[in-house]
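Let me give you the structure first, and then I'll get to my questions.
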Amino acid sequence: MTAALETIGLHKRFGALIVANDIHFRLDAGARHALIGPNGAGKTTLVNLITGRIPPSAGRILLGGDDITALPQAVRVRRGLGRTFQINTLFRGLSVLENVCLAVGEHHGIGGDMLRSLAARRAVLEGGYALLERLRIADDALTPVRELPYGRQRLVEIAIALGLRPTVLLLDEPAAGVPSTEIAIILDVIEQLPDDIAVLIIEHDMELVFRFARRITVLVQGSVLIEGTPAEIAADARVREVYLGEGHHG
Amino acid sequence: MHPIDTLLARHRFRAIELLPWLIAVAVYFVFGDYLPLGSQILIMILFALSLDLVLGYAGIVTLGHSAFFGVGAYAAGIYAAHVSGEPLSGLVLAACAAAVVGWLSGLVVLRTTGLTLLMLTLAVTALLAEAANKAGFITGGADGLQGMDIRPIFGLFRFDLFGRTAYLYCLAVLFLAWLFARRLVHSSFGRSLIGIRENTARMHAIGSPVRRRLLTIYTISAALAGVAGALLAQTTQFVGLTVLGFQRSGEIVIMLVFGGIGRLYGAFVGAGIYMIAQDQLAKLEPAFWYFWIGLLLVLLVMFARGGVLGLIDRILRR
Ligand SMILES: Nc1ncnc2c1ncn2[C@@H]1O[C@H](COP(=O)(O)OP(=O)(O)O)[C@@H](O)[C@H]1O
Ligand SMILES: [Mg+2]
């Protein structure tokens with residue numbers, strides 16, 4: 001079976017620092033995969049490489065079997081690759097609904113439309129609003145994002161990515177800094193994602209990881225230390241040493 | 001009201017938007033002696049409006065917008081002096097010439113951001129100004145371009161000595177440009193420009209072809225600035241090197257910031273007040289004018305970031 005997403009020998013260095021070292025990584029359709037590792041291991045960098053935010057020094061990236069290594073970010077997104085950011089990357093001056101609708105509009109292919117009628121806009125707005133309801137932030141639909149508490153901003157971060165209806169979704173620490181009440185919302189939403197979407201989640205909260213993931217990859221200093229089922233990872237001595245042993249937030 | 005309807009309603013036409021046009025028409029009937037100044041103001045409003053599209057909406061910080069104003073002015077001027085005095089075809093030609101220059105320079109300039117972008121926009125203007133200076137045989141160089149004979153509009157409306165035709169001509173062109181700009185900023189495309197201004201990284205990450213969108217609005221804006229320049233050339237029947245000067249680039253930014261950027265009407269308020277104040281104060285003591293402008297800018301930056309319109313907004317919301 002073709003992988004939904006695959007990296008082949010992915011390599012990235014910042015000057016002398018190697019942050020991605022020969023990474024072979026694979027997500028199948030419907031995957032529920034967690035990427036863990038201490039801070040600075042290169043997890044965010046891997047997401048940036050996959051989405052094309054930064055170019056790799058070497059290696060290839062395949063999306064649904066097609067080589068996307070040379071494609072610009074926007075084209076990858078239109079082919080079904082969606083992501084969230086570890087650090088909120090939002091349209092702070094715009095309302096929550098407008099934030100999500102920018103994504104929904106691009107997904108509908110009307111983002112560059114100069115003349116389209118209000119009816120097309122209404123369809124986009126309704127799609128966006130439905131997402132807000134799903135993430136239980138519809139109350140704040142018209143609130144400027146910059147006025148929201150941090151936890152709710154994290155929900156907007158996810159809503160934008162979902163507005164793209166991705167087939168491969170990369171979540172970079174979606175629950176970091178989120179109060180426990182809202183973590184439940186995030187978990188619900190992630191668990192209710194359609195089965196055919198491949199999901200990769202970067203997360204430090206081990207409870208969340210073990211509840212969600214069917215496979216786990218451990219990244220240490222830019223290299224894959226081990227990949228396996230949650231049980232295998234929990235039992236692995238090296239993982240305990242480099243990661244779990246240092247406490248959850250390494 | 002449902003949030004969706006609230007949002008849609010924000011794009012609907014409001015009665016207050018008629019105000020500038022009522023004032024402009026009233027000026028025609030009440031201040032007949034001031035129509036030449038009136039035409040100048042309308043032209044600067046159009047120029048500021050074109051700048052608002054790139055600076056206010058797309059967040060492209062440029063100090064070189066007079067490049068397109070100047071190209072439009074010279075294109076219309078040379079066309080009128082050497083080819084035909086028909087004004088409307090001159091406007092179209094000016095828009096096209098400015099659009100081409102906008103597109104070409106945008107290809108280079110828009111690859112950069114921040115200070116580099118600012119310097120490059122300045123450089124483009126400086127290059128064009130020097131080219132206009134050197135090409136004296138066609139532009140008139142430092143003496144300016146003269147010998148235009150602008151024919152009546154539609155072959156009917158002759159440009160008169162009192163500037164009546166010129167005023168109405170500028171007003172009609174500005175009105176059409178405003179209709180177009182208004183449609184544009186409320187479209188999905190216009191919203192995506194705001195998205196780019198607010199967070200370029202996220203626009204990339206939601207699949208928006210950012211570079212192409214920026215180039216599109218830069219080209220459109222250049223065309224509108226070119227039309228403004230063409231109106232100046234046609235209504236004054238003269239083009240001097242100052243159309244390409246840094247001073248005009250800087251002044252237009254000041255006008256727009258003063259009125260309020262990214263609001264479509266900041267151009268009207270800013271250019272209107274600035275030009276009238278300049279006319280009145282310069283009569284007293286020209287050198288003093290820049291003192292007042294400087295003071296005003298300091299106050300604006302310290303107390304009213306959104307310009308006059310932003311200030312009004314805040315007062316109304318209290
Ligand atoms: N643009 C960059 N330039 C230089 N170094 C970077 C850059 N981005 C990340 N790094 C470095 O790469 C390493 C991996 O960072 P990151 O991918 O953010 O780790 P993680 O997400 O696993 O915490 C860190 O040491 C970080 O300082
Ligand atoms: Mg990270």
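Would it be correct to say that A:V224 is away from ligand 2 (no atom under 15 Å from the Cβ) and closer than 22 Å to A:A29 by Cβ?
In short, yes.
Sort through A:G111, A:G105 and tell me the only one that's away from ligand 2 (no atom under 16 Å from the Cβ), assigned to a loop (DSSP other than H, G, I, E, B), open to solvent by less than 10 Å² (accessible area, probe 1.4 Å) and facing chain B (nearest Cβ under 8 Å).
A:G111
In addition: Among residues belonging to the range B:193-237 that are more than 21 Å from the chain's Cα centre (by Cα) and hydroxyl-bearing (S, T, Y), point out the one that is farthest from the other protein chains (Cβ to nearest Cβ).
Checked the range B:193-237; the qualifying residue farthest from the other protein chains (Cβ to nearest Cβ) is B:T200.
Another question, if that's okay. Give me the helices (runs of 4 or more DSSP H) completely within the range B:79-139, filtered to those with at least 2 residues that are surrounded by 21 or more Cβ atoms within 10 Å (Cβ to Cβ), ordered by residue number.
Filter on the range B:79-139 gives B:87-109, B:114-134.
Name the residue that is nearest to A:I197 (Cα to Cα), counting only residues in the range A:1-38 that are open to solvent by 60 Å² or more (accessible area, probe 1.4 Å) and within 16 Å of ligand 2 (Cβ to nearest atom).
Across the range A:1-38, the extreme among qualifying residues is A:F14.
I need the full set of residues from the range A:80-101 which are open to solvent by 10 Å² or more (accessible area, probe 1.4 Å) and over 17 Å from A:T51 (Cβ atoms), in order please.
Of everything in the range A:80-101, those that are open to solvent by 10 Å² or more (accessible area, probe 1.4 Å) and over 17 Å from A:T51 (Cβ atoms) turn out to be A:R92, A:G93, A:L94, A:E98, A:C101.
What number of residues in the range B:54-77 are touching a Ser or Thr at 6+ places or on another chain (Cβ under 9 Å) and within 13 Å of B:G226 (Cβ to Cβ)?
Adding up the residues that qualify gives 8.
Name the residue, out of A:R76, A:R92, that is more than 30 Å from A:G9 (Cβ to Cβ), among the basic types (K, R) and either within 9 Å of another protein chain (Cβ to nearest Cβ) or part of a loop (DSSP other than H, G, I, E, B) (or both).
A:R92
Assess whether B:R202 counts as being among the basic types (K, R), over 19 Å from B:L51 (Cα atoms) and in a helix (DSSP H, G or I).
Judged against the criteria, B:R202 is a match.
Hey, could you check the range A:50-62 for residues that are crowded, with 17+ Cβ neighbours inside 10 Å and over 26 Å from A:A175 (Cα atoms) and say which is farthest from ligand 2 (Cβ to nearest atom)?
A:L62
May I pose another question? Please go through the range A:50-73 and pick out each residue that is without any contact (Cβ under 8 Å) to a residue 40 or more places away in the chain and either touching a Phe, Trp or Tyr at 6+ places or on another chain (Cβ under 9 Å) or not in a loop (DSSP other than H, G, I, E, B) (or both).
Listed by number, the residues that qualify are A:D66, A:D67, A:Q73.
Just wondering, is there one or more residues in the range A:42-49 that are closer than 27 Å to B:R212 by Cβ, open to solvent by less than 30 Å² (accessible area, probe 1.4 Å), free of Cβ contacts under 8 Å to residues at least 24 places away in the same chain and not small (G, A, S)?
The answer is yes, given that some residue of the range A:42-49 is closer than 27 Å to B:R212 by Cβ, open to solvent by less than 30 Å² (accessible area, probe 1.4 Å), free of Cβ contacts under 8 Å to residues at least 24 places away in the same chain and not small (G, A, S).
B:L281 versus (1) in contact (Cβ under 8 Å) with a residue 60 or more places away in the chain; (2) assigned to a helix (DSSP H, G or I); (3) of a type outside the set (D, E): which is the lone unmet condition?
Only one criterion in (1) in contact (Cβ under 8 Å) with a residue 60 or more places away in the chain; (2) assigned to a helix (DSSP H, G or I); (3) of a type outside the set (D, E) is unmet by B:L281, namely (1).
Moving on. Which pairs do you get when a residue that is aliphatic (A, V, I, L, M), found in the range B:24-35, comes within reach of a residue that is open to solvent by 50 Å² or more (accessible area, probe 1.4 Å) and not in a helix (DSSP H, G or I), reach meaning Cβ atoms under 8 angstrom, with the pair 6+ apart or on two chains?
Going by the 8 Å Cβ cut-off, the qualifying pairs are B:L35/B:F162.
The values are calculated or read from the model by the stated rules, or taken from the named source; none is laboratory data. Worth saying up front: this structure is predicted, and the values here are computed from it rather than measured. Ideal geometry is used to build each Cβ from the backbone, glycine not excepted, and the neighbour counts take in all protein chains shown. Calculation scope for accessible area: heavy atoms of the full protein, side chains included, ligands and nucleic acids excluded. Shrake-Rupley method; radii C 1.70, N 1.55, O 1.52, S 1.80 Å.
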